[in-house]
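This report concerns only the one structure given below.
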Amino acid sequence: MWKRRLLILTVAVISYLPALNNGFIADDWVILHRVDVLKADALYLNEVVPENFRLTSYLVFGLLKALFGYNAVPFYVFNILLHALNCILLSLLVREITGDSTTSWISGLFLAVFQAPQEAVMWLAAMNETLSVCCMLLTSLCWFKGRQALAALMFITALYSKESAVILIVLLPLVEMNRNRGKHVRWRDYWILALPAIFFSVFFILTLSVNFQLGHGTYALSPQGLLVLFKSFHRLIWPWGYLVTVAMFLSQGRPSRRAVDWALLIPLTMLPYIFVRYTTNIPSRQTYLASVLFLPLLAAGMLSLRLKALRLGVVVAFIGFNIFYMWTVKDSQMEARALPTTALVETLRKYKPQDVRIRGFEYPVDLIPKAVAVALPGWRWDQVDLDVPCKRCLLLEWNRGTGKYVVSEIK
């Protein structure tokens, strides 16, 4: 077993190795600044709801910053290893649920390479997804092993890794029903998970009025949610889910009821995110939990194909394609997202601290350039802003084509 776990770890590291040199991206800088603010004001995150529900990310950022400063490499190493741990935990959970050792380790291997939720690993600010899923997997493992008190502790940790983890109070009983085929589900045992879920939900609802994601219109109830759910589910399973489903149908006929029940759980994990307003697709980082449910089903489907050569071929093709895509496409996308802040650091270092305005900045949030500035010696939070009126300010204009800032004029 240890050899399979080592293989999962190795493949996960290889898949995400290109991310090590990407540097900090966008909101990474804001979190790095906030961990310093928290030293002076421990309750500060309650002023930037829902960040107060993502405490574990701030703990990790704070610890890594204390040890390594503004060196991004150790942050990526941590998140990649956390992803690898999640892959191993998934393999253990699938084995606990199904008793199938082959499907279990292939599931972990698939999660290690799957490119669809890559943002959760390649964007440090999205670490709340990997942390939350880690705690959710530990909750589930403890639950199925009869360690309810430890499961409750892990669940509380998941809730304060990301607020969407509350979906587990619905998801876990459904998984248990599927595992036991509707029999022997001890519903009364779930009170130990229901209580923290209820208290957490009440606290979350009470803070909705100051939740900046709702206040800024990032999320809102809308019929568009159905379109987002459909498109996101389609993008998650394309093309592998369709190909394997067709192959299974041709060789075996209709899929089993258990497989259908498991597949219906996948869109359930997307429900906390479907009311996003700025896109018609759930951002890739938010499909991390959905991938955890999809990939065991995909692995089981591939392994059920009758021809051994076909089984081996699709497994190898899946792994090879996803690693190739991660290295050639996804990594370059993340590098492009990091470029505006990476170039800003290099540009500001060339000048003494002074008032600066930035034109054409790709992120319409003034917190990001301000957080970049205070990471540099001598610079203050109030000296850097977006393109707002200012007298005698250094004006930097972002040029995406060259990937550099141009000093266009002195106001």
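The values are calculated or read from the model by the stated rules, or taken from the named source; none is laboratory data. Since we're looking at a predicted model, the values are computed, not measured. Ideal geometry is used to build each Cβ from the backbone, glycine not excepted, and the neighbour counts take in all protein chains shown.
Looking across the range 234-284, the residues that are free of Cβ contacts under 8 Å to residues at least 40 places away in the same chain and either touching an Asp or Glu at 6+ places or on another chain (Cβ under 9 Å) or under 15 Å from Ser164 (Cα atoms) (or both) come down to Ile266, Pro267. Filtered by the rule that a residue be over 21 Å from Asp331 (Cβ atoms) and in contact with a Leu (Cβ under 6 Å, 6 or more places away or on another chain), the range 66-91 gives Leu89, Leu90. For Val60, the stated conditions hold: it is buried (at least 17 other Cβ atoms within 10 Å of the Cβ), at negative phi and not assigned by TED's automatic domain parsing to the domain that holds Leu344.
Inside the range 367-411, residues that are in contact with a Lys or Arg (Cβ under 8 Å, 6 or more places away or on another chain), in a loop (DSSP other than H, G, I, E, B) and under 21 Å from Tyr70 (Cα atoms) make up a count of 2. Cβ-Cβ distances below 6 Å connect the following pairs, each with a first residue in the range 42-55 that is without any contact (Cβ under 8 Å) to a residue 40 or more places away in the chain, a second residue that is aliphatic (A, V, I, L, M), and a separation of six or more residues or different chains: Tyr44/Val37; Tyr44/Leu38; Glu51/Leu45. Look at the range 71-82: where a residue is farther than 17 Å from Cys134 by Cα and a partner is surrounded by fewer than 18 Cβ atoms within 10 Å (Cβ to Cβ) and among the aliphatic types (A, V, I, L, M), sitting 6+ places away or on another chain with Cβ atoms under 8 Å, you get Val73/Leu20; Pro74/Leu67. With respect to the conditions (1) on the phi < 0 side of the Ramachandran plot; (2) more than 24 Å from the chain's Cα centre (by Cα), Arg181 lacks only one, and its number is (1). Being farther than 22 Å from Arg285 by Cα, among the small types (Gly, Ala, Ser) and assigned to a helix (DSSP H, G or I) is a condition met by no residue of the range 157-176. Residue selection: Asn399 fails the criterion of being in the same structural domain as Trp123 (by TED's automatic domain parsing) and among the polar types (S, T, N, Q). Residue pairs whose Cβ atoms lie under 7 Å apart, sitting 6 or more positions apart in sequence or on different chains, and linking a residue in the range 382-403 that is without any contact (Cβ under 8 Å) to a residue 40 or more places away in the chain to a partner that is among the hydroxyl-bearing types (Ser, Thr, Tyr), are Leu395/Ser408; Glu397/Tyr405; Glu397/Ser408. Considering each residue of the range 256-281, count those that are surrounded by 15 or more Cβ atoms within 10 Å (Cβ to Cβ) and either assigned to a helix (DSSP H, G or I) or touching a Leu at 6+ places or on another chain (Cβ under 6 Å) (or both), and give that number. Number of matching residues: 14.
Going by the conditions given, is Gly360 crowded, with 20+ Cβ neighbours inside 10 Å and small (Gly, Ala, Ser)? So Gly360 fails the test. Restricting to the range 1-39, give me the number of residues that are of a type in the set (A, V, I, L, M), more than 17 Å from Arg337 (Cα to Cα) and not in a loop (DSSP other than H, G, I, E, B). Looking only at that region, the number is 13. Looking across Leu208, Leu221, Leu174, Leu226, one residue alone is surrounded by 14 or more Cβ atoms within 10 Å (Cβ to Cβ) and either among the polar types (S, T, N, Q) or more than 21 Å from the chain's Cα centre (by Cα) (or both). It is Leu174. Evaluate the following for Leu150: is it in a helix (DSSP H, G or I) and surrounded by fewer than 18 Cβ atoms within 10 Å (Cβ to Cβ)? So Leu150 passes the test. The residues of the range 326-336 that are over 9 Å from Gln118 (Cβ atoms) and either in contact with a Pro (Cβ under 8 Å, 6 or more places away or on another chain) or among the hydroxyl-bearing types (Ser, Thr, Tyr) (or both), listed by number, are Trp327, Thr328, Ser332.
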